[in-house]
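Everything on this sheet refers to the single structure shown next.
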Amino acid sequence: MIEISDVHKRYRTTHGSKWVLKGVSLNIPPKSRVALIGANGAGKSTLLRLVGGIDQPSRGHIVRNCRVSWPLGLSGGFQGSLSGRQNTKFVCRIHGVDKNLSEKLEFVREFSELNDAFDDPVKTYSSGMRSRLAFAMSLAFDFDTYLVDELTAVGDAAFKRKSQKAFEDLAGRAGLVMVSHSESTLKNFCQTAVWLHQGQAHLFDSVEEALREYRDSIPA
């Protein structure tokens, strides 16, 4: 269970401050697959980062009674001067992996198809290589709930087929909180939905119902 209680989030800029989330309260049960729906700037990625612990609420609190992943679409958290192997080893140790560390490293190297580049500094990687590394690292850990930000498949056509299959297997055994601009992706993977609108969160029992409410809110 993930408990989101009266969460507010404000970002300060040179032009003042903006409240993105204003009193969001939700409970996300285990194994549930939830779509986050809303217009650009509604706070979807913000809420995902808050649930993942990458950012902190301005007010309110979030309790994670399960193992929650980082957002799968995030590939900007690598230390560029370290190799793919060293970055992976660092993340493994953060998550308490010790006994089977070599197995995790080999899985990430093989799945990412980085081969010898796995031992090169990440700052030398192309954006596609970084995405493949991030995706492979996400699959290397068993989380109860995976956070997904606009990512189901990365890389070239062959790698996309492989990563799509891996993602489908993941979705079949764990919970999801997903952000995507693809309505078909949300309908395919999610059971319920949260519509974020004007800083508030509205829970719906079906993705289609939430999408309908979202569409009706868009000015003609």
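Scanning region 164-201 for residues that are in contact with a helix residue (DSSP H, G or I) (Cβ under 7 Å, 6 or more places away or on another chain), buried (at least 18 other Cβ atoms within 10 Å of the Cβ) and more than 20 Å from Val68 (Cα to Cα) yields a total of 2. In this structure, Arg109 does not satisfy being buried (at least 21 other Cβ atoms within 10 Å of the Cβ), charged (D, E, K, R) and under 22 Å from Met137 (Cβ atoms).
When region 108-145 is filtered for residues that are hydroxyl-bearing (Ser, Thr, Tyr) and more than 22 Å from the chain's Cα centre (by Cα), only Thr124 remains. Does Arg33 qualify as being farther than 22 Å from Thr192 by Cβ and in contact with a strand residue (DSSP E or B) (Cβ under 6 Å, 6 or more places away or on another chain)? So Arg33 does not fit the description; no. Of the residues screened, Phe143 is not one that is closer than 29 Å to Ser32 by Cβ and modelled with pLDDT under 85. Pairs are defined by a Cβ separation below 7 Å, a sequence spacing of at least 6 or placement on different chains, a first member in region 140-164 that is of a type in the set (S, T, N, Q) and assigned to a loop (DSSP other than H, G, I, E, B), and a second member that is surrounded by 15 or more Cβ atoms within 10 Å (Cβ to Cβ) and modelled with pLDDT of 85 or more; the pairs so defined are Thr152/Thr185.
The values are calculated or read from the model by the stated rules, or taken from the named source; none is laboratory data. Because the structure is a prediction, the values reported are computed rather than measured. Please note: Cβ atoms are built from the backbone with ideal geometry, for glycine as well, and neighbour counts cover all protein chains shown.
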